[in-house]
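The values are calculated or read from the model by the stated rules, or taken from the named source; none is laboratory data. Not measured: the values here are computed from a predicted model. In this analysis, Cβ positions are derived from the backbone assuming ideal geometry, glycine residues included, and neighbour counts consider all displayed protein chains.
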Amino acid sequence: MTELTADLLFTGGPVQRTDPARSRASALAVRDGRILAVGHDLDGLIGPKTEVVDLAGRLLLPGFQDAHIHAVMGGLELGQCDLTGTTDLDEYVRRIRRYADEHPDAGWIVGSGWSLETFPGGVPTAEMLDRVVADRPVFLTNRDHHGAWVNTLALERAGLSRDTPDPADGVINRDADGNPVGALQEGAVALVGAVVPAVTAADRLAGLLRAQTLLHSLGITAWQDALVGGSNGYPDVSDAYLTAARDGLLTASVVGALWWDRDRDASQIPELVERRERLTVGRLRCSTVKVMQDGVAENFTAAMTAPYRDACGCATTNAGLSFVDPDALRGYVTALDALDFQVHFHALGDRAVREALDAVAAARAANSFRDTRPHLAHLQVVHPSDVPRFRQLGASANLQALWATHEPQMDELTIPYLGGDLARHQYPFGDLLRAGATLVAGSDWPVSSADPLQAIHVAVNRALPGSDAEPFLPEQRLDLGAALTAYTAGSAYVNHLDDTGSLRVGNRADLVVLDRDPFEGPADEIAATRVAQTYVDGARVFVSDSER
């Protein structure tokens, strides 16, 4: 027996390194939180204190990393009125009524998760809520968090009437007489959100810890929170991360993306520098700036190169919103890049994607290629001429794969309204991979499920688990190896966590054990895979009930 022994040894199953060769081993050893050895016969590293984990044919992977998530927000919503997981209006009514009954002292009924497809044109009304809760204001954001559903009392509390103008970055849905109907889009959400009672620091910390437990159970060992330090109607969650990092409560590695206030100019950059220094503690590093360049397609605020169509199929004059002036954006990104900030773009429409890539190009021209690793999230529509620019500019493509599928929100509220040939250019994962782009992956939870295996299933099948719908643009499928790599090595790259994401000697032992080897089964069963165990720095942070 060698003098150097392992603290932890995995053996008896495939070990997916997620290296460029897609190579496999059958054993992995850990010592002092780092990978000591990867190979096929490591029994010589077993000592009297070594814990041996028999994989029994199950797959060992690097821990998943979510490159675009809102963990504190998701954790908070787990404790609020939860409308996720259904599109049935009667079920929404039952849940809202039950929550109101169970929380009689709540001054407001607050929650999230309803789907646009439930309502005609994606627009719910206050009258629907008034029949359920009339004695208290109700404020419910939709599942993509770009809209809200409120009752009459909430509209009154916020002072919204037919005389209230739409904000520059949003829309108040109105009836034929101009009166607010109870639905708000984009920046208009903040008009009511501003009068909702503030969430406390203790609530935010509890939400973060609740989220961390869930994410570890899904095999996630690190993430990038895409909204830290809110404005424009979004809350600031940085205190929760700072407290958790300082007090040793943060077991995941977290990159915080500092919010770019789109109502301000470059004068905010010194504040971002100060916040980066103050919010870099322990496992927390706030070295990224998040720029939300456009909205979403379902409410016609995603910035497109062709105008949206109306319900009759005729072209309109609306091609969506660019929240930050494209000319100014190039200067902002160049200045941030020169200060070694990574820039994380929300770019959903093809015009927003182009504007973000133009800003990266300007930064590259001015600063040369710095190791800032910019990335563009969502990428619902990418113009074919912009696909090769990701590789050319070193900009990573941040995929939310669960959205690349036929479902009512896509088929009824998106495809019919996209002008030109934009519908054929949606979620071009395969084209991006073939063009040499670095693919990374995230969930956007709580907008959609945080489960990487569900997203990987859709990336491979271009269909939801159990769906009998035709695959959505099947030529844009990824193979299972590419999808897993995006959720491990790819996201580790964009998170600047270079000693994670692949299983090689010296890397941190952030690991996930699946309950099977999904490569051995059919592609349409990938989503049946579950996480059995999760490890961070060699310490187990989750074990499934079946493993106990």
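Here are the numbers for this structure:
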item	result
Filtered residue count, region 303-339, keeping only those that are within 25 Å of the chain's Cα centre (by Cα) and over 20 Å from residue 261 (Cβ atoms)	4
Test set (1) of a type in the set (Ser, Thr, Tyr); (2) more than 22 Å from residue 498 (Cα to Cα); (3) touching a strand residue (DSSP E or B) at 6+ places or on another chain (Cβ under 6 Å) - residue 5 fails condition number	(3)
Search result, residues across region 90-134 that are of a type in the set (Phe, Trp, Tyr) and over 24 Å from residue 180 (Cα atoms)	99
Out of 356, 363, sole residue that is more than 17 Å from residue 185 (Cβ to Cβ), crowded, with 24+ Cβ neighbours inside 10 Å and without any contact (Cβ under 8 Å) to a residue 40 or more places away in the chain	363
Strands (runs of 3 or more DSSP E) lying entirely in region 335-410 (those with 1 or more residues that are hydroxyl-bearing (Ser, Thr, Tyr))	396-399
Strands (runs of 3 or more DSSP E) lying entirely in region 180-275 (those with 1 or more residues that are closer than 27 Å to residue 456 by Cβ)	220-228, 253-259
Residue within region 329-350 that is surrounded by 18 or more Cβ atoms within 10 Å (Cβ to Cβ), small (Gly, Ala, Ser) and touching a residue at least 24 places away in the same chain (Cβ under 8 Å) present	yes
Test: residue in region 484-499 that is modelled with pLDDT under 95 and either of a type in the set (S, T, N, Q) or under 24 Å from residue 12 (Cβ atoms) (or both)	no
Within region 480-515, tally of residues that are surrounded by fewer than 23 Cβ atoms within 10 Å (Cβ to Cβ) and either without any contact (Cβ under 8 Å) to a residue 40 or more places away in the chain or not in a helix (DSSP H, G or I) (or both)	11
Within region 525-548, considering residues that are of a type in the set (Val, Ile, Thr) and either part of a loop (DSSP other than H, G, I, E, B) or without any contact (Cβ under 8 Å) to a residue 60 or more places away in the chain (or both), the one surrounded by the most Cβ atoms within 10 Å (Cβ to Cβ)	529
Filtered residues of region 24-78 (kept if more than 33 Å from the chain's Cα centre (by Cα) and among the hydroxyl-bearing types (Ser, Thr, Tyr))	50
In region 129-152, residue farthest from residue 93 (Cα to Cα) [restricted to those that are of a type in the set (A, V, I, L, M) and surrounded by fewer than 19 Cβ atoms within 10 Å (Cβ to Cβ)]	134
Matching entry among 448, 467 (being under 19 Å from residue 531 (Cα atoms), at pLDDT below 95 and not in a helix (DSSP H, G or I))	448
Residue in region 136-143 that is farther than 23 Å from residue 407 by Cα, part of a loop (DSSP other than H, G, I, E, B) and touching a Lys or Arg at 6+ places or on another chain (Cβ under 9 Å) present	yes
Residue in region 516-524 that is farther than 19 Å from residue 436 by Cβ and either under 21 Å from the mean Cα position of the chain (by Cα) or in a strand (DSSP E or B) (or both) present	no
Test: residue 56 is surrounded by 17 or more Cβ atoms within 10 Å (Cβ to Cβ) and either in a loop (DSSP other than H, G, I, E, B) or touching a residue at least 24 places away in the same chain (Cβ under 8 Å) (or both)	no
Checklist (1) surrounded by fewer than 16 Cβ atoms within 10 Å (Cβ to Cβ); (2) part of a strand (DSSP E or B); (3) of a type in the set (S, T, N, Q) applied to residue 112, failing item	(1)
